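Worksheet for the structure shown next.
The values are calculated or read from the model by the stated rules, or taken from the named source; none is laboratory data. Since we're looking at a predicted model, the values are computed, not measured. Here the Cβ positions follow ideal geometry from the backbone for every residue, glycine too, while neighbour counts run over all protein chains shown. Surface accessibility is based on the protein's heavy atoms, side chains included, excluding ligands, DNA and RNA. Shrake-Rupley method; radii C 1.70, N 1.55, O 1.52, S 1.80 Å.
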Amino acid sequence: MRVPFVDVLGALSDPTLPLTVPEYSEWGNPSAPGPEGARAAEYIAAYSPLQNVPPSESAPPHMLATASTLDPRVPHASVTAYVERWRRAAGIGCAGGQSAVGNHPSAVSTAGSGIKPNAPAASYSPLLLCDVDDSAGHEGSPDTELRHDALADEQAFLHAALGLTVSAN
């Protein structure tokens, strides 16, 4: 997911974000006083992805979520919180802290224990990654080389998630 808008309730509850107030007419204002705000908050929470991560009994999908610290539209903290909720639901910890993803020294991985191609369903272990870039905005990096690195990271993730291997031939 490239820069997913996953914390709809949180974003609409913060009028200091640049796109929040103009969106109240379409989405509702969960911060409004009285029953109007409570109804809007309840409605938004019912479909906001961050508030609706399934319980641990559900097998999470493989996921690569990208974000940027310089993005004024989608706060990177909401994207990392979303991936972390999926990780907790899957019972995956981050042993040894965080590690770099690909060639991005600023990218942070909250990787699961990986997948085993053609493994039985009982041994399924989701690949749950969050790639946070500290040099890009909402549309990605303006640097061509960094854009290519990000694309290569996405391709590597897809290969791992699908259990593909690359031959030397």
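Among the residues of segment 82-91, is any open to solvent by less than 50 Å² (accessible area, probe 1.4 Å) and in a loop (DSSP other than H, G, I, E, B)? I'd like the intermediate steps shown before the answer.
Here is the first cut: in segment 82-91, the residues open to solvent by less than 50 Å² (accessible area, probe 1.4 Å) are 82-83, 86-87, 89-90.
Retained after the next criterion (residues that are in a loop (DSSP other than H, G, I, E, B)): none.
No.
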> If you check every pair at least six apart or on different chains, which have Cβ atoms under 7 Å apart with a residue in segment 136-165 that is more than 17 Å from Met63 (Cβ to Cβ) first and a residue that is of a type in the set (A, V, I, L, M, F, W, C) and exposed (fewer than 12 other Cβ atoms within 10 Å of the Cβ) second?
Replying inline: none
> Taking the condition over 21 Å from His138 (Cα atoms), free of Cβ contacts under 8 Å to residues at least 24 places away in the same chain and either open to solvent by 30 Å² or more (accessible area, probe 1.4 Å) or charged (D, E, K, R) (or both), does Pro22 pass?
Replying inline: no
> How many residues are open to solvent by 50 Å² or more (accessible area, probe 1.4 Å) and more than 17 Å from the chain's Cα centre (by Cα) when one looks only at segment 136-154?
Replying inline: 8
> When you go through Ala77, Ala46, Ala59, Ala41 one by one, which is the residue that is among the small types (Gly, Ala, Ser) and in contact with a Ser or Thr (Cβ under 8 Å, 6 or more places away or on another chain)?
Replying inline: Ala41
> So which residues in segment 113-134 are modelled with pLDDT of 80 or more and open to solvent by 40 Å² or more (accessible area, probe 1.4 Å), if there are any at all?
Replying inline: Asp134
> Of everything in segment 92-107 that's open to solvent by 70 Å² or more (accessible area, probe 1.4 Å) and more than 24 Å from Ala152 (Cα to Cα), which residue is modelled with the highest pLDDT?
Replying inline: Ala95
